[in-house]
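Colleague: Would you mind keeping the following structure in view while I ask a few things?
The values are calculated or read from the model by the stated rules, or taken from the named source; none is laboratory data. What you see is a predicted model, and the numbers here were worked out from it, not measured in a lab. Counting neighbours? That spans all protein chains shown, and the Cβs are built from the backbone with ideal geometry, glycine included. Side chains included, ligands, DNA and RNA excluded: accessible areas come from the protein's heavy atoms. Shrake-Rupley method; radii C 1.70, N 1.55, O 1.52, S 1.80 Å.
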Amino acid sequence: MKRNDPEGIDERAYRFFCDVVAFVETVPIGPTTSRIIGQLVDAAGSIGSNREEALSRSANREVLHYNELSLRGASESVRWLRACAARRLGSQEKCVPLVDEGQQLTRLLTRVVIRAKREDESGGRKTGT
């Protein structure tokens, strides 16, 4: 997949981040929710930023490392979104589809990481997609 493919990981990660920002604007601010919002926005934003780092690296281990960080961000985003859904924080019409998209990004990034690990073990070329 090309880097700016509308259905590729990078564009989907960007749209996911923007949608998360729109969602958190529907969550009432309070002592607990402000921390959840901050954690969620940070995690969602880290998916794309770490993918950018992975795509700019040439060493297989660096590519793998940044893709793993991106995967962690996706997994963490899903955890925070699931908590928002369970506690009915913010717009559920926005939250529930975000849980699904976060899970899909997690699965895609898991495949990227597995492929990158195999290539690292075999001394292959870097994997950025």
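Colleague: Can you tell me which of (1) polar (S, T, N, Q); (2) surrounded by 19 or more Cβ atoms within 10 Å (Cβ to Cβ); (3) at pLDDT below 95 is the one ASN50 doesn't meet?
Modeller: Result: ASN50 passes all but (3).
Here is a yes/no grid of residues against (1) of a type in the set (A, V, I, L, M); (2) in a helix (DSSP H, G or I); (3) surrounded by 13 or more Cβ atoms within 10 Å (Cβ to Cβ); (4) modelled with pLDDT under 95:
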{"site": "ASP5", "(1), (2), (3), (4)": "no, no, no, yes"}
{"site": "GLU11", "(1), (2), (3), (4)": "no, yes, yes, no"}
{"site": "PHE16", "(1), (2), (3), (4)": "no, yes, yes, no"}
{"site": "VAL21", "(1), (2), (3), (4)": "yes, yes, yes, no"}
{"site": "THR32", "(1), (2), (3), (4)": "no, yes, no, yes"}
{"site": "ILE37", "(1), (2), (3), (4)": "yes, yes, yes, no"}
{"site": "VAL41", "(1), (2), (3), (4)": "yes, yes, yes, no"}
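Colleague: Search the range 53-73 for residues being in a helix (DSSP H, G or I) and free of Cβ contacts under 8 Å to residues at least 40 places away in the same chain, and hand back the single one that is most open to solvent (accessible area, probe 1.4 Å).
Modeller: ARG72
Colleague: Something else now. Of the conditions (1) more than 23 Å from ASP10 (Cβ to Cβ); (2) open to solvent by 80 Å² or more (accessible area, probe 1.4 Å), ALA85 clears all except one; give me its number.
Modeller: (2)
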